[in-house]
Structures are given as structure tokens and as C-alpha cells.
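Engineer: Supplied in C-alpha cells, the structure appears directly below.
The values are calculated or read from the model by the stated rules, or taken from the named source; none is laboratory data. What you see is a predicted model, and the numbers here were worked out from it, not measured in a lab. In this analysis, Cβ positions are derived from the backbone assuming ideal geometry, glycine residues included, and neighbour counts consider all displayed protein chains. When the accessible area is computed, the model is the full protein with side chains, heavy atoms only, and any ligands, DNA or RNA have been set aside. Shrake-Rupley method; radii C 1.70, N 1.55, O 1.52, S 1.80 Å.
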Amino acid sequence: MAIQNLPTHVFSGQRPGTSGLRKKVTVFMQPMYLENFVQALFDVLNGVAADGQIGTALHGQTLVLGGDGRFHNRTAVQTILKLAAANGVQRVLLGQGGILSTPAVSAVIRGRQAFGGIVLSASHNPGGPDGDFGIKYNASNGGPANETLTEAVYARTQTLTQVVLSDAPDIDINTLGTCQMEQMQVEVIDPVADYAVVMRRLFDFDMLRGMFKRGFTMRVDAMNAVGGPYAKAILEDELGAPAGTVVNATPLEDFGGLHPDPNPVNAEDLIAHMMRADAPDFGAAMDGDADRNMVVGRNFVVSPSDSLALMTAHARLIPGYKEGLLGVARSMPTSAAVDRVAKAMGLDCFETPTGWKFFGNLLDAGRVTLCGEESYGTGSSHVREKDGLWAILFWLSLQGATGRSVESLVREHWRTYGRNYYSRHDYEAIPTSVADALMANLRETLPALQGQVFGSRIVTVADDFAYTDPVDGSASVKQGVRLIFDDGARVIFRLSGTGTEGATLRVYLELHEPDAAQHDRPAQDKLADLIALADQVAGIHARTGMAAPSVAT
Ligand code: VG1
Ligand code: CO
């Protein structure tokens, strides 16, 4: 065991955001940077007493470890193992090759009753030596650490002066089986096996096998990220989808230059395939750590908010949900499409701040079964993270159970509930001071915006979204500026918590159109008034110099 003093300049510094600590790889590669964060985490998990004495809560426990395979993943795994061995961890369950998707980490923690787990990923952020790296901790329920733990770890990173590391040599992370690092056992596990068990429990694999046998065609773009091995093992090897159904299926350190953010802009190759005359029946993509999904029909893209609404409406068709749902939850910026379904079905519908950790409490308390976000994330009570491949299997099952195409399912849904036109505009790499000033100014104008008339609309709510957790009573404030209009339309502004370059302003736009004759308009046209209004009230162009968003999805 070696004790290393921390140079003062390495303090991990910034507060971890909604999904752990995300930084440029170059930041993570600074000597002792990752070590500082992980030692702080282990100290907090072990328990730091008022007099600074470190407890032993972690001793004798099992942790799960794996990542999305991006650049620095393998190096970070070895470092974390050495820290774990020196900090009293008894056993680490490590995904083979250092690979585990985010939902798989959650499934392994839950399935094997581990103490917690560490996920190495910057999710949808680009990878490679010039890209991003990230780390997050998931607790024993399989979900992201809560704010209290995150804050405690952050505080600890600021005061820590030493880390303890094993000086044992690196271990072989490629071979399945068990080995020792000092007193600690490392079990290298198949990254897919535990996860596949959960999927078999939820979905009718025989029915899905039958679909492929009868010639159903599908294209899954894993974007050279961690979803590939999962999709290949389950769809091709187990369900009999033809070889080549999953493309870009091998996790690469730089994602092959792709930006593994499954939206129509970044997954343009999938969209192009789905628009062709010979398009497969069904298309889907996942992000870097395979917790996000985009589902696409022939010549038809499904908005994530609609996806959650349709899943809710049809859940009983899926064996895992045939008893019905306990309730549903969506993040605040996610469209209210699901609210309409929940209302019709008599289900509770919760509106939470952005980020999966808020869903965790509701899921643990048995208040909800399905959750979703506008950012291409949906999930259920089967794990405590959003889950890309689960969502794909869900949509595949819906098509199998109804015999209908993606487009016909969504259009029927719109006829029943109306269409929630939706778009998110991202303004990236804004200087932080400019973005902060824009939001501060917007917050100051809220009282004046209340009741203001914009064309045919009146602002009925102008506020800064605050949330009191119905389970533990904890309060989260300043979760996004909302303008809600008398016709239900909404414009929402918030700053991203996951970017690593300057600030990203997200503007979320939504309106409800009940008239089926109006369901074929391009979303950007339909939302044009709201887009102009957003600029008018926030001064986006004037303040940032950007006349248009970097990405509109
Ligand atoms: C974004 C999304 C949010 C999601 C988060 C983590 O956060 O908007 O819905 O939960 O990423 O997703 P932000 O703060 O940048 O808007 V993942 O797949 O990157 O872990
Ligand atoms: Co992700």
C-alpha cells in the first residue's frame, strides 16, 4: 500500500453535475485528479467523523465497476481498483474489458445486492483523447447518488490531502474469472449476462424471435459505443435478428469519431437509412453509455416525449407491465404528452427536475413504474437508470403485439390525445458569464412576464421550477425558468449541467395541437411563434451573438 500526498492544484474542483463529474480527458489525466475524486468518494462512503476519523462502512463490501469503453476507461479502471483495494473494499465486480453500460451497472448492483457501483462515462459527450471523460457513483438501489452524497464527496475533494493506493501491479481485466489485488477480490464478469436476465423477465422473447423469423427488419446504430455488445448479444444472438442488424457495434475509444448522442442530428446515418425506400421496419440508436435511445420508424422519427406517452398508453401489452403501472414521471422540460395519457388512465403523473436521480425516489417508493425525459431517455422500475436497449425492446414488442408500424402507432396516439409539438434548441459553448447573466436577467423579468400577452397567448405561469420530493421532502430550486401559456404551450429555459465547454443554454418549446388535420406540419414551423418569443424575452441573439441554435432536435 502506498500513501500519496495530493498536490494542492489537483483538487477535482468543480461540483459534479446532474450525472457525476465530467471533464475533458486532459483534465482527468492530471496526476492525482481521478484519485482525489475517488478517494473522496471512498472516504465519504466509509464515513468521515467530525474529528476527521475515517470509518469502515465500505469494508467487507462489494462494488460494481465498469464504463462505456471510451479513451482513458482502461487506465481509470486500474487506478480505481488500486484505490478500492487500499480503502477496504472486499470485492469488485468488474465488467470484462472494463465495459459495463449504465443500465447494466444498475442491474448488476441490484441483482447482486452490491453496496454500490462506479460508472466511467461521459455519456453522450464525445470521446477520444480530446473528448470528455466522466465518473459517477450509483448507490445500492442501483441509481445515481443523491444530492447529499454528491455534495459530501465534493466537499471532501476540497479538503483531502492524501490518497491511499495499492502498489500491486495492474490486473488482467480481459479474462473472465476471479483474481486478487492484495486483500481484495476482483471478479471479471460478462458485461451482458446479468442485464439479459432482466430483459428476459420483462419481454416475451419467444414472440420477438417469431417476429425476426417472419422477416421483421431492424437497424440498431450503437454508434461505436457501449450499447453494441448488449444489442448484438440480445437482438442478434438470442432473438435471431440477422447479423448486421446492429451496426457500429464495437465500442471504440473515440466512438470512431461519432458523437454518440442519439438524436436526428448526430445519428444522421441511421435517419438516412430509415428514410430510404428500402428502409427496415424499425430503427434505433443509443448513446455512449447506452442509457439513451432514439426510436425511428420508416420515414418517421419519434419524439422522446411521445415515446414515453405511448409506452404508458400501451404498457399492458408487455409481459413485465401486464398488471398495469403504479404511476409515471417525466422531467419538467419533457412534453406534457404523457400527462394526457396518465389523466385518461387515472394514473399519478409526477413532474421532476432534470436528471434520473429524482425518479429513483419515486421508483423506490413504488409510486411510479415508467419515467422519461425529453433528452431521449426512458426507463422503468427494472433498474434505477434510463435504459436504451430496454426502450428499443419495448418498442419492438409494441410492434409485435399490435402488428402495427411505428408511424401508425404514433399517428393513432395523436388522433386520440392530440399532438404535442416539441423541440429543444441548444446554444452551445456560450461564455459562462454570458449564460449566467442571461438566466439571471430572465429570472428578474419573471414577475413582469406573468399575465403578459404574446399574440393570441397569455402567460399564465412565469416561474423558476422548484421541486419538493414527495418521498423524502427534499427541495430543489432554480431548476429552470418556465413560461406556461393559457393554451398549455410552454417555453422553458435552463442551463445544461453536463457540458464541459462553457455553458449550454437549452430552450424547450412545446404546444398542443388537438386537430389531426394539423399533425403533419414541420415542428419548427409550428413552433415558430414560440421560438421568436423565446428570443424576445431572453435576448438570446443579442446576448450570445448566436442567431440560431447550435443544435435543434
Ligand atoms: C442532459 C439531459 C438530461 C439527462 C442528462 C444525463 O442533462 O438534458 O435530461 O438526464 O443529460 O444524461 P443537461 O443538464 O445537460 O441538460 V446522460 O445519458 O448524458 O447520463
Ligand atoms: Co447517457
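Engineer: For segment 233-241, indicate whether the set of residues that are away from ligand 2 (no atom under 16 Å from the Cβ), at pLDDT 95 or above and under 30 Å from Asn361 (Cβ atoms) is non-empty. Talk me through it step by step, then tell me what you get.
Structural biologist: Taking segment 233-241 first, the residues away from ligand 2 (no atom under 16 Å from the Cβ) are 233-241.
Now narrow it down to the ones that are at pLDDT 95 or above: 233-241.
With the extra rule that they be under 30 Å from Asn361 (Cβ atoms), the set shrinks to 234.
Yes, that holds for at least one residue.
Engineer: Return the pairs, sorted by first residue and then second, in which the second residue is among the charged types (D, E, K, R) and part of a strand (DSSP E or B), the first residue lies in segment 87-110 and is more than 30 Å from Ile3 (Cβ to Cβ) and touching a residue at least 12 places away in the same chain (Cβ under 8 Å), the beta carbons are less than 9 Å apart, and the residues are 6+ apart or on different chains.
Structural biologist: Cβ pairs passing all conditions: Thr102/Lys136.
Engineer: Spot the failing condition for Asn125; the list is (1) touching a helix residue (DSSP H, G or I) at 6+ places or on another chain (Cβ under 7 Å); (2) within 16 Å of ligand 2 (Cβ to nearest atom), and only one is missed.
Structural biologist: Condition not satisfied by Asn125: (1).
Engineer: Gly256 passes all but one of (1) farther than 19 Å from Gly127 by Cβ; (2) free of Cβ contacts under 8 Å to residues at least 40 places away in the same chain; (3) assigned to a helix (DSSP H, G or I); which number fails?
Structural biologist: Going through (1) farther than 19 Å from Gly127 by Cβ; (2) free of Cβ contacts under 8 Å to residues at least 40 places away in the same chain; (3) assigned to a helix (DSSP H, G or I) one by one, Gly256 breaks only (1).
Engineer: Okay, next question. Of the conditions (1) more than 30 Å from Asp472 (Cα to Cα); (2) of a type in the set (Phe, Trp, Tyr); (3) touching a Phe, Trp or Tyr at 6+ places or on another chain (Cβ under 9 Å), Tyr195 clears all except one; give me its number.
Structural biologist: Of everything listed in (1) more than 30 Å from Asp472 (Cα to Cα); (2) of a type in the set (Phe, Trp, Tyr); (3) touching a Phe, Trp or Tyr at 6+ places or on another chain (Cβ under 9 Å), Tyr195 misses just condition (1).
Engineer: Condition (residue is assigned to a helix (DSSP H, G or I) and of a type in the set (S, T, N, Q)) applied to segment 355-368: is it met by at least one residue? Reasoning before the result, please.
Structural biologist: So the first thing to find is which residues in segment 355-368 are assigned to a helix (DSSP H, G or I), and the list is 357-364.
Imposing the further condition that a residue be of a type in the set (S, T, N, Q) reduces the set to 361.
Scanning segment 355-368, I find at least one residue that is assigned to a helix (DSSP H, G or I) and of a type in the set (S, T, N, Q), so the answer is yes.
Engineer: Only residues that are open to solvent by less than 60 Å² (accessible area, probe 1.4 Å) and either part of a helix (DSSP H, G or I) or among the small types (Gly, Ala, Ser) (or both): list them for segment 148-193, please.
Structural biologist: First, the residues of segment 148-193 that are open to solvent by less than 60 Å² (accessible area, probe 1.4 Å): 149-150, 152-157, 160, 163-166, 168, 171, 173, 177, 179, 181, 184, 186-189, 191-193.
Matches in segment 148-193: Leu149, Thr150, Ala152, Val153, Tyr154, Ala155, Arg156, Thr157, Ser166, Ala168, Gly177, Ala193.
Engineer: Looking at (1) among the basic types (Lys, Arg); (2) farther than 30 Å from His541 by Cβ; (3) not in a helix (DSSP H, G or I), which is the one condition that is false for Arg424?
Structural biologist: All conditions are met except number (2).
Engineer: Could I ask something else about it? For segment 344-359, how many residues are more than 10 Å from ligand 1 (Cβ to nearest atom) and either under 15 Å from the mean Cα position of the chain (by Cα) or over 18 Å from Ala489 (Cα atoms) (or both)? Write out each step before concluding.
Structural biologist: Step one: list which residues in segment 344-359 are more than 10 Å from ligand 1 (Cβ to nearest atom), which gives 344-352.
With the extra rule that they be either under 15 Å from the mean Cα position of the chain (by Cα) or over 18 Å from Ala489 (Cα atoms) (or both), the set shrinks to 344-350, 352.
Within segment 344-359, residues that are more than 10 Å from ligand 1 (Cβ to nearest atom) and either under 15 Å from the mean Cα position of the chain (by Cα) or over 18 Å from Ala489 (Cα atoms) (or both) number 8.
Engineer: Could you tell me whether any residue of segment 330-339 is farther than 21 Å from Val491 by Cβ and away from ligand 2 (no atom under 16 Å from the Cβ)?
Structural biologist: Going through segment 330-339, the residues farther than 21 Å from Val491 by Cβ turn out to be none.
No: segment 330-339 contains no residue that is farther than 21 Å from Val491 by Cβ and away from ligand 2 (no atom under 16 Å from the Cβ).
Engineer: Here's a follow-up. How many residues does segment 291-331 hold that are buried (at least 24 other Cβ atoms within 10 Å of the Cβ), in a loop (DSSP other than H, G, I, E, B) and away from ligand 1 (no atom under 16 Å from the Cβ)?
Structural biologist: Final tally of qualifying residues: 0.
Engineer: Tell me which of these Phe359 doesn't satisfy, since it passes every other one: (1) farther than 20 Å from Leu393 by Cα; (2) in contact with a strand residue (DSSP E or B) (Cβ under 7 Å, 6 or more places away or on another chain); (3) away from ligand 2 (no atom under 16 Å from the Cβ).
Structural biologist: (3)
Engineer: Go through segment 376-402 and give me each residue that's within 16 Å of ligand 1 (Cβ to nearest atom) and open to solvent by 10 Å² or more (accessible area, probe 1.4 Å).
Structural biologist: So in segment 376-402, the residues within 16 Å of ligand 1 (Cβ to nearest atom) come out as 376-380, 383-392.
The answer is Tyr376, Arg384, Lys386.
Engineer: How many of the residues in segment 199-224 are under 22 Å from the mean Cα position of the chain (by Cα) and farther than 18 Å from Met311 by Cα?
Structural biologist: Matching residues across segment 199-224 total 6.
Engineer: Right, here's the next one. Between a residue in segment 229-253 that is touching a residue at least 60 places away in the same chain (Cβ under 8 Å) and any residue that is open to solvent by 40 Å² or more (accessible area, probe 1.4 Å), which pairs come within a Cβ distance under 6 Å, given they are 6 or more apart or on different chains?
Structural biologist: Short answer, once both residue conditions are applied: Glu253/Phe71.
Engineer: Still on this structure: Please go through segment 393-409 and give me each residue that is β-branched (Val, Ile, Thr) and more than 20 Å from Gly379 (Cβ to Cβ), ordered by number. Give the derivation first.
Structural biologist: Step one: of segment 393-409, the residues β-branched (Val, Ile, Thr) are 402, 406.
Thr402, the sole residue that qualifies.
Engineer: Would you list the helices (runs of 4 or more DSSP H) that sit entirely within segment 468-553 and hold 2 or more residues that are away from ligand 2 (no atom under 16 Å from the Cβ) and in contact with a Ser or Thr (Cβ under 7 Å, 6 or more places away or on another chain)? Explain how you work it out, then say what you get.
Structural biologist: Details: elements: 523-526, 528-538, 540-544.
Filter on segment 468-553 gives 523-526.
Engineer: I need the full set of residues from segment 209-262 which are under 15 Å from His273 (Cβ atoms) and open to solvent by 40 Å² or more (accessible area, probe 1.4 Å), in order please.
Structural biologist: Those that are under 15 Å from His273 (Cβ atoms) and open to solvent by 40 Å² or more (accessible area, probe 1.4 Å): Thr217, Arg219, Pro242, Gly244, Asn248, Leu258.
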